[in-house]
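The values are calculated or read from the model by the stated rules, or taken from the named source; none is laboratory data. These numbers come from a predicted model, not from an experiment. Neighbour counts run over all protein chains shown; Cβ positions are idealised from the backbone, glycine included.
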């Protein structure tokens, strides 16, 4: 009898160890809050870039629709960016380094974003840069590197604010290459069709 009990106990312990090593495959991993917003912000930013490319060549009706949709997408991003910024500090203003690190990890993930995607977060990075001395050295260095990248693009005349209607010729330069890359997956006509219910009817 005692041997049977010991066997049952050993079996139970092995099962517990196996569960620890192999967690429930259907469980949902915790995604840091900043990361949940970053992809949506970039997606809207890319749509705005494609919608606005050489929009000065459109007729008045098409241009009106583009202006309406870019404004809507920009407003959505404005709210998301504000929410994102709030995750970087607690209620007392102390930096939440783990959230900042999760944001940087997402932005810097190889092959995920283009350099010009960083322009969507210009104000975020400038705010992080202003507070950088509060962060650990490695985080501070990463923030400084991101800000340098953004400022380089601004100095090269590549910055196109996504908080207004962009009216620019985007046929050349880094921004032009970026828009050309985006048009592999985004089409202005398709974007307008997908959002037709909120656009001017004429």
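Does residue 171 satisfy the condition of being over 21 Å from the mean Cα position of the chain (by Cα) and either modelled with pLDDT under 90 or in a loop (DSSP other than H, G, I, E, B) (or both)?
Values: over 21 Å from the mean Cα position of the chain (by Cα): yes; either modelled with pLDDT under 90 or in a loop (DSSP other than H, G, I, E, B) (or both): yes.
When the stated conditions are applied, residue 171 passes them.
Do we have residue 65 as under 18 Å from the mean Cα position of the chain (by Cα), closer than 24 Å to residue 178 by Cα and surrounded by 19 or more Cβ atoms within 10 Å (Cβ to Cβ) here?
No, not satisfied.
For the stretch 186-202, what are the residues that are out of contact with any strand residue (DSSP E or B) (no Cβ under 8 Å at 6 or more places or on another chain) and in a helix (DSSP H, G or I)? Please lay out each step first, then the result.
The initial filter retains those residues of the stretch 186-202 that are out of contact with any strand residue (DSSP E or B) (no Cβ under 8 Å at 6 or more places or on another chain), namely 186-187, 189-202.
If the condition is that a residue be out of contact with any strand residue (DSSP E or B) (no Cβ under 8 Å at 6 or more places or on another chain) and in a helix (DSSP H, G or I), then 189, 190, 191, 192, 193, 194, 196, 197, 198 are the ones that fit.
Which of the numbered conditions does residue 76 fail, given that it passes all the others? Conditions: (1) closer than 23 Å to residue 147 by Cα; (2) at pLDDT 90 or above; (3) within 18 Å of the chain's Cα centre (by Cα).
Condition not satisfied by residue 76: (1).
For the stretch 84-93, name all the residues that are exposed (fewer than 15 other Cβ atoms within 10 Å of the Cβ) and either touching a residue at least 24 places away in the same chain (Cβ under 8 Å) or within 19 Å of residue 36 (Cβ to Cβ) (or both).
Scanning the stretch 84-93 gives 86, 90.
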